[in-house]
Amino acid sequence: MDMNVRTGLGHTARVAEADIAAFRAGLRGSFLLPGDDGYDAARSIWNAMIDRRPACIVRAAGAADVIRTVDFARTHGCALAVRSGGHNIAGNAVCEDGLMLDLSAMRSVHVDPAGRRARVEPGALLSDVDKEAQAFALALPTGINSTTGIAGLTLGGGFGWTSRKLGLTIDSLVGVDIVTADGQLRRADATQNAELFWAVRGGGGNFGVVTSFAFDLHPLGPQVMSGLLVHPLDSAASVIAQYRELVAKAPDELTCWLVLRKAPPLPVIPAEWHGREVLILALCHCGTLEAGAAAAAPFRALGTPIVDLVSPHPFVGWQAAFDPLLTPGARNYWKSQDLKDLTDASAAVLIDAARHLPSGECEVFVAHLGGQVARVGSDQTAYSRRDVAFLVNMHTRWRAPADDRACIAWARGLFDALAPHSTGSVYVNFMPEDEADRVRGAYGGNYERLAAIKRQYDPQNLFRLNQNIAG
């Protein structure tokens, strides 16, 4: 039977039964229609606010399936959504009535310990990369939630606990195999398709479907000095003021993020503090344990913490430390600002917002960047925000649809209140689906170059379900 699909321009097209059958027969992976076993699982992603029903889903088994799917989508004008880890806040991994390409079964990670290099498929999660690399005391700088997909994180830039020392995820990327809109599998690296390689290092999914990433790895671990320092929110103004002075002179090996939220009901936090507003310092040192202890000492001396959980931890475990607070199934909405500096005035805005959290799972976190991230020129990769020292993510998280309005309003209110203190730029991986007007700000002076590369490799904007760069 023929199938109606949504086109990239929002219209409806009819695809003949014979074309569908031929397409399906040529796949090594699976082809799912509504009602098939596995269809609902494939379309479900991390953010439970996203509930879309594709006309069909291809669960790719390899690059051949990706090529075939891109060709089919282009030929028939289908709206094409690409899912890797399915963790992106905007939910672009799933489309309504279009064609969804699911890469989550492509999770291979191969580490060459002698060459300190990894080849990673696009469905791999950060936990997959961490575990394989740490088997050889090696690491890739990635994010802070191990269930995040490596593909989306990398294509947007990628930063986390080790970035101040090792740079962004894209700074360790040495090449990709990518299927572009014409259905060709291309190698993009420093010598082949160099402009395309420049673009995928921060330009998101605008330029094609990556089927393999090649990364340089770095010696690290297997243990790192890391952990949490939990303070009463009433102490936050004083602690943040002192924190600001400490991070200004901290070694690159040390990263310390701030989190403002209600204390979660974890056994390591005294029960009388569960559900009460707190300021959390989350730190990680990626050097020796001895150097880490010395670097962490001034932070541990700040104020009078409710609990001090800083100690040696396996790096793989630390990478997953926040996973229990970020499980799938909740409704999520984010707003984000890059700060000019973490001043007393901007800190006061954050503290006030933390006193009015709309749900027990909402939080504000302040990412601590700089170091090696800032030593790369803003035009060396598509990711341009190299001079940002502090990034604020306003993360609302809740369960009931009835709370949508209050939670989203809180995030937007904090965003507006913080705007006078921000640079106006934004990290593409933290942008919700209603922020298309901020895409230019995300890339700054790199936008026009990205648009030219988009016109070259995707002139019809087949890959439009993303933080889209108009060619």
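The values are calculated or read from the model by the stated rules, or taken from the named source; none is laboratory data. What you are looking at is a predicted structure, and each value in this text was computed from that prediction instead of being measured. Please note: Cβ atoms are built from the backbone with ideal geometry, for glycine as well, and neighbour counts cover all protein chains shown.
The table below gives the values:
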quantity: Residue in the stretch 403-425 that is surrounded by 22 or more Cβ atoms within 10 Å (Cβ to Cβ), touching an Asp or Glu at 6+ places or on another chain (Cβ under 8 Å), closer than 27 Å to residue 148 by Cα and of a type in the set (A, V, I, L, M) present; calculated: no
quantity: Options 172, 108: the member that is touching a helix residue (DSSP H, G or I) at 6+ places or on another chain (Cβ under 8 Å) and among the polar types (S, T, N, Q); calculated: 172
quantity: Single condition residue 104 does not satisfy, out of (1) more than 23 Å from residue 48 (Cβ to Cβ); (2) surrounded by 20 or more Cβ atoms within 10 Å (Cβ to Cβ); (3) of a type outside the set (A, V, I, L, M); calculated: (1)
quantity: Selection within the stretch 86-107 - out of contact with any Lys or Arg (no Cβ under 8 Å at 6 or more places or on another chain) and within 22 Å of residue 188 (Cα to Cα); calculated: 106, 107
quantity: Candidate set from the stretch 149-202 (those that are of a type in the set (Lys, Arg) and in a strand (DSSP E or B)); member that is farthest from residue 456 (Cα to Cα); calculated: 187
quantity: Any hit, the stretch 375-392, residues being part of a helix (DSSP H, G or I), at pLDDT 95 or above and in contact with an Asp or Glu (Cβ under 6 Å, 6 or more places away or on another chain); calculated: no
quantity: Neighbours by Cβ (under 7 Å, 6+ apart or cross-chain): first from the stretch 45-66, closer than 11 Å to residue 82 by Cα; second among the basic types (Lys, Arg); calculated: 57/43
quantity: Residue within the stretch 58-72 that is surrounded by fewer than 13 Cβ atoms within 10 Å (Cβ to Cβ) and aliphatic (A, V, I, L, M) present; calculated: no
quantity: Pair list, Cβ < 6 Å and 6+ apart or interchain, from the stretch 358-387 residues that are without any contact (Cβ under 8 Å) to a residue 24 or more places away in the chain to residues that are outside any helix (DSSP H, G or I) and of a type in the set (D, E, K, R); calculated: 374/386; 374/387
quantity: Test: residue in the stretch 334-344 that is closer than 19 Å to residue 262 by Cβ and of a type in the set (Phe, Trp, Tyr); calculated: yes
quantity: Candidates 47, 4 - the one that is polar (S, T, N, Q) and modelled with pLDDT of 95 or more; calculated: 47
quantity: Residues of the stretch 60-87 that turn out to be in a loop (DSSP other than H, G, I, E, B), under 20 Å from the mean Cα position of the chain (by Cα) and not polar (S, T, N, Q), as a count; calculated: 3
quantity: Hits in the stretch 416-439 - residues which are closer than 22 Å to residue 157 by Cα, in contact with a strand residue (DSSP E or B) (Cβ under 7 Å, 6 or more places away or on another chain) and not in a loop (DSSP other than H, G, I, E, B); calculated: 422, 430
quantity: Of all residues making up the stretch 436-471, the number that are without any contact (Cβ under 8 Å) to a residue 40 or more places away in the chain and not basic (Lys, Arg); calculated: 10
quantity: Pick from the stretch 285-298, criterion touching a residue at least 40 places away in the same chain (Cβ under 8 Å) and out of contact with any helix residue (DSSP H, G or I) (no Cβ under 6 Å at 6 or more places or on another chain), ranking: surrounded by the fewest Cβ atoms within 10 Å (Cβ to Cβ); calculated: 289
quantity: Boolean, residue 7 is exposed (fewer than 15 other Cβ atoms within 10 Å of the Cβ), polar (S, T, N, Q) and not assigned by TED's automatic domain parsing to the domain that holds residue 404; calculated: no
